[in-house]
């Protein structure tokens with residue numbers, strides 16, 4: 001089962017970014033979620049929201 005939140009290290013690997021840039025992306029996503037009234041955790045972002053925001057399709061998991 002895949003984790004529900006994406007972490008900074010995963011964002012770094014997915015986009016080939018440095019740590020500071022990955023944190024910036026997650027902060028932007030979390031700011032948008034917070035404006036909608038959602039609770040957020042620093043350094044993590046809901047995976048589904050992140051993929052949607054970045055225009056990606058979530059990888060399918062073979063069962």
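The values are calculated or read from the model by the stated rules, or taken from the named source; none is laboratory data. Fair warning: this is a prediction, and the values are worked out from it, not measured in the lab. Here Cβ is always computed from backbone atoms with ideal geometry, including for glycine, and neighbour counts include all displayed protein chains.
Quick look at the numbers
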| quantity | calculated |
| --- | --- |
| Every residue from the range 1-29 that is in a helix (DSSP H, G or I) and in contact with a strand residue (DSSP E or B) (Cβ under 6 Å, 6 or more places away or on another chain) | 26, 29 |
| Residue list for the range 10-23, restricted to those being more than 13 Å from residue 54 (Cα to Cα) and either loosely packed, with under 13 Cβ neighbours inside 10 Å or in contact (Cβ under 8 Å) with a residue 24 or more places away in the chain (or both) | 13, 16, 18, 19, 20 |
| Qualifying residue in the range 39-48 (condition: exposed (fewer than 11 other Cβ atoms within 10 Å of the Cβ) and at positive phi) | no |
| Contacts under 9 angstrom Cβ, first residue in the range 35-63 being modelled with pLDDT of 90 or more, partner assigned to a loop (DSSP other than H, G, I, E, B) and surrounded by 15 or more Cβ atoms within 10 Å (Cβ to Cβ), 6 or more apart | 46/40 |
